[in-house]
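Inspection log for the structure reproduced underneath, given as C-alpha cells.
The values are calculated or read from the model by the stated rules, or taken from the named source; none is laboratory data. Being a predicted model, the structure only gives us computed values, none of them experimental. Cβ sites come from the backbone with ideal geometry, for glycine too, and all protein chains shown count toward neighbours.
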C-alpha cells in the first residue's frame with residue numbers, strides 16, 4: 001500500500017514554479033509587442049505627414065504662378081495664346097491648355113475648321129478696321145461685316161416708279177410730299193427731333209407720300225417693299241392726331257389699333273411705338289399669344305394710347321369683355337396679305353365689328369394680290385393708294401445681291417458650311433449675322449442643332465417654340481450673342497433685325513411672295529446684303545419664280561439657272577429628283593445627318609445621268 005501511495009503522489013510546488021515562469025515570459029512578450037506596434041504606428045503617421053507636405057507645397061506654387069500670370073496680364077493688352085500657355089512649371093501649361101480646350105469645346109460642341117488654332121478674341125473691344133471697296137462691289141464677307149457693324153447710308157431703297165391714285169382710281173400727277181423732317185409742321189417738335197436723333201437723313205419714299213395723306217385723315221393703301229419704313233408711315237400721323245385731340249386713354253380708351261400677323265412683328269412695332277411715342281407721352285401695349293395674359297392686361301389697365309395685337313389674342317380679350325375698342329380712331333392692318341394667308345380673315349372681321357365705323361383705316365403691305373384688294377375694298381372708305389415700285393410684279397430690294405447655288409440634298413450641309421466660312425463666321429471677331437430659312441419646323445430645329453455641334457453659334461425660331469424661347473433667339477441675334485438664326489416663314493414678314501448681311505434659303509420658298517419677303521430681311525435702311533438660295537433638280541418648279549424676281553431687279557441670271565427653270569416648266573425634274581434619292585438612301589437621312597460631311601467632289605457620271613446631260617452640280621457650292 002505504501003508503494004502505491006508513493007507512485008500516485010504529485011509535486012504541486014514544481015508546477016507552481018513553472019506557472020510563474022510562463023506568466024512572466026508572456027508579460028515580457030506582451031510589452032515587447034506593444035512597443036513594436038507603437039513604433040510601427042509612429043512610422044506610418046510620419047510617412048503620411050511626409051506625403052502631405054509636397055502636395056501642399058505644389059498647391060502653394062500653383063497659387064503663386066496664378067497670381068504672377070494675373071499681374072503680368074493687363075486688361076488693355078491684346079490676348080496672346082503663346083503667353084497664356086507659358087509658365088515656370090509644366091503643371092501650369094497643362095492647366096492653361098485644359099482651359100483653352102474648355103473654351104473651344106463648350107457643351108460638347110466641336111469647333112469648325114479654323115477655330116481650333118485660333119484663340120478667342122479677348123483684346124480691346126475695338127474691332128479691326130474695315131476696308132470696303134469704293135466702287136460698291138462687296139464680297140459676302142464684306143457685306144456681312146459691314147451690316148453687322150452698322151455701316152449704312154441710312155437711305156432706304158429709292159424707286160423711280162411711284163404711283164399715287166385718288167379714290168376714283170385716277171393717277172395724281174403732283175401729289176403732296178415731304179422732303180425733310182422740318183417741313184412736317186403737323187408733327188410735334190419732339191417727334192421731329194427723335195427722327196433726326198435716330199440718324200435718318202430724311203423721310204423714306206413711302207413716308208414722304210403717306211404722311212401728308214395720313215395727317216389729313218384719309219384712308220390709305222400703302223404698298224412698298226420690305227425695309228422701306230412702313231411702320232413709321234402709319235405710327236407718327238396717329239400719334240400727332242391723338243396729341244392734337246388731347247386723347248386721354250383713361251377716359252377714351254386706346255385711340256390707335258394696329259393688327260399684326262405674327263408675335264415678332266407685333267413686338268417690333270411696339271418697340272418703335274415706344275421709342276418715338278415716349279417723347280410725347282404716348283404709351284403702347286402689345287397683345288399676342290404665347291405670353292401671359294395678366295401682364296398684357298395689367299399694362300392695358302394703366303391706360304395706353306396704342307394697341308398692337310395679333311388677331312387671335314385680341315379676339316380672346318374682346319370675347320371676355322376685357323378690352324374695349326369704342327375709342328379707336330385709327331385702324332392699321334400691317335402685312336395684310338400675310339394675315340390673309342394665315343387664315344385670319346374671320347377674326348379680322350370680328351374685330352372690325354367692335355371698332356367704330358367712323359375711323360381712319362390704313363392698309364400696308366408689300367404685295368397686292370386679289371384677296372387683299374377685295375378685303376381692302378370692303379373695309380376702307382374712299383382710300384388713296386400709294387404704290388412704291390411696280391407691286392403688281394414681285395420685285396426684290398435692289399441693294400440685295402441674289403445668288404443661287406446648286407447642290408443636291410446630301411450635299412446641302414457641306415454647302416452651308418462652305419458659305420458660312422465664306423461669310424467670315426469662323427472669325428471670333430466677326431460681327432456678321434446670318435438668317436437661314438427652312439420650310440419645316442423639324443428641319444429648322446435639326447439644322448440649328450447641327451450648326452451648334454459644328455461650333456457655330458446658332459439658334460432657331462419656329463411655331464413649336466414657346467414665347468420665351470422665341471424672344472431669347474431674337475434677342476441673341478440682335479445682341480450678337482449668336483450669329484446664325486434658323487427660322488421658318490414665321491420670321492419672313494416684317495421683322496427688322498439690325499445687322500443681318502446674309503439671308504440663306506436652305507430650302508427654297510414655296511412661292512415667289514415668300515421668297516421676296518425672306519430676302520427682304522437683309523439690306524435694310526441703306527445697307528447692302530446677299531441672299532443665297534440652295535437649289536436642286538427637285539426644286540426646278542420653283543426656279544422660274546426666283547429667276548423672274550432676279551430679272552426684275554437687274555440681277556445676273558446664269559444660263560444654268562435658266563435651264564433649270566425651263567426644266568421645271570416642262571414638268572421634268574421635280575419627281576425625277578427627290579423620290580429616286582430617297583429610295584437610294586440619299587434623301588432625308590443624309591439631309592439631317594450628325595454634322596457637315598467632309599468635302600468631296602461629285603462624280604460626273606452620277607450627276608449627268610440625273611440631269612440628262614452635262615451636270616451643273618460641279619461642287620456643293622457651285623455658284624449660279
So which pairs qualify, if the first residue must be in region 556-570 and more than 9 Å from residue 541 (Cα to Cα), the second must be at pLDDT 85 or above and outside any helix (DSSP H, G or I), the Cβ gap must be under 8 Å, and the two must be at least 6 apart or on different chains?
558/404; 560/406; 561/404; 561/535
Does at least one position in region 518-539 carry a residue that is surrounded by 18 or more Cβ atoms within 10 Å (Cβ to Cβ), assigned to a helix (DSSP H, G or I) and within 16 Å of the chain's Cα centre (by Cα)?
yes
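Taking region 208-219, which residues are touching a strand residue (DSSP E or B) at 6+ places or on another chain (Cβ under 7 Å) and buried (at least 24 other Cβ atoms within 10 Å of the Cβ)? Steps first, answer last, please.
We begin by selecting, within region 208-219, every residue touching a strand residue (DSSP E or B) at 6+ places or on another chain (Cβ under 7 Å); these are 209-210, 213-214, 217-219.
Within region 208-219, 209, 210, 214 meet the criteria.
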I'd like to verify a number: residues in region 370-408 that are within 28 Å of residue 522 (Cα to Cα) and part of a loop (DSSP other than H, G, I, E, B), how many?
13
So which of 199, 229 ends up being surrounded by fewer than 14 Cβ atoms within 10 Å (Cβ to Cβ), at pLDDT below 95, under 36 Å from the mean Cα position of the chain (by Cα) and assigned by TED's automatic domain parsing to the domain that holds residue 256?
199
Considering region 166-181 alone, what residues qualify as being assigned to a loop (DSSP other than H, G, I, E, B) and crowded, with 16+ Cβ neighbours inside 10 Å?
175, 177, 178
Residue identified as over 30 Å from residue 501 (Cβ atoms), modelled with pLDDT of 55 or more and surrounded by 13 or more Cβ atoms within 10 Å (Cβ to Cβ) among 162, 184
184
Among the residues that make up region 511-528, is at least one of them without any contact (Cβ under 8 Å) to a residue 24 or more places away in the chain and under 26 Å from residue 365 (Cα atoms)?
no
The residue from 427, 493 that alone is out of contact with any strand residue (DSSP E or B) (no Cβ under 8 Å at 6 or more places or on another chain), buried (at least 24 other Cβ atoms within 10 Å of the Cβ), under 24 Å from residue 401 (Cα atoms) and not assigned by TED's automatic domain parsing to the domain that holds residue 369 is 493
Exactly one of 446, 469 is out of contact with any helix residue (DSSP H, G or I) (no Cβ under 7 Å at 6 or more places or on another chain) and free of Cβ contacts under 8 Å to residues at least 24 places away in the same chain, and that one is 469
Matching strands (runs of 3 or more DSSP E) fully within region 429-505 where at least 2 residues are over 23 Å from residue 142 (Cβ atoms) and within 9 Å of the chain's Cα centre (by Cα)
458-461, 484-487
